[in-house]
Amino acid sequence: MARRYAVTVFLAAALLAPAVARAQQSPTLGEIALKEQERRKSLKPATKVLTSKDLPRAAVPPPAAQPAPGQADPKTTAKPEEPAKPDEPEKTEAWWKERISQVREEQRRNEMFADALQTRINSLTNDFSSRDDPYQRARIAEDRAKAVLEMDRVKADLESNRKKIAEIEEEARRAGVPPGWLR
């Protein structure tokens, strides 16, 4: 028993020794804070503070250039103002990966749900055939019909997601996106 205890203490000391040595070598939080304080003191303070007086003023048109109250301004009537276009996100590698991964994740979830529904349909079919009571058979048949309808919906979603993935891949190909961005 004493030998086991001695071996255990020895192993614990051997395992903790490198951690203690590393802790002694690395600076403490207090030392790091002092170094940062000294660094901030050595920085030069701002030499000039900008105010609104330092900024150039915008030119105001003279009063004669403004149209009379009853007249329309020829500049604004000549061109109707175009609605602002919504900013499209920059199509970077991360944008393409996020876009394709969202559709693939939805596809994966739908496939898992379809597998679970198929298992449920199979189970309900077996239960239906093994029951003699007409009331129980009717309830099981109703549950099975609901599961079959849900399976049809999930299959439509799966097909829709396959088309979305193909569209994204085709759009990326036309945009010259490297294939690795869509993996």
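Since every read-out is calculated from the coordinates, none of them should be taken as a lab result. A quick note: this is a predicted structure, and the numbers were derived from the prediction, not measured. Please note: Cβ atoms are built from the backbone with ideal geometry, for glycine as well, and neighbour counts cover all protein chains shown.
At q = 0.15, 0.23 Å⁻¹, what is the log10 ratio I(q)/I(0) for segment 93-182, with the Debye formula run over Cα points and no solvent? Rounded to two decimals, the profile gives -0.65, -1.02. Packing here is the average count of other Cβ atoms within 10 Å per residue, and on that basis the peptides 96-107, 129-140, highest first, run 96-107, 129-140.
For segment 92-183, the dipole from Cβ point charges (+1 on Lys and Arg, -1 on Asp and Glu) about the Cα centre works out to 140 debye, to the nearest 20. For the pair ILE32 and GLU90, label points projected 7 Å from Cα toward Cβ lie 3.0 nm apart. Gain on full extension, evaluated as 0.36 nm per residue between ASP132 and ARG173 minus their Cα-Cα distance, stands at 8.9 nm.
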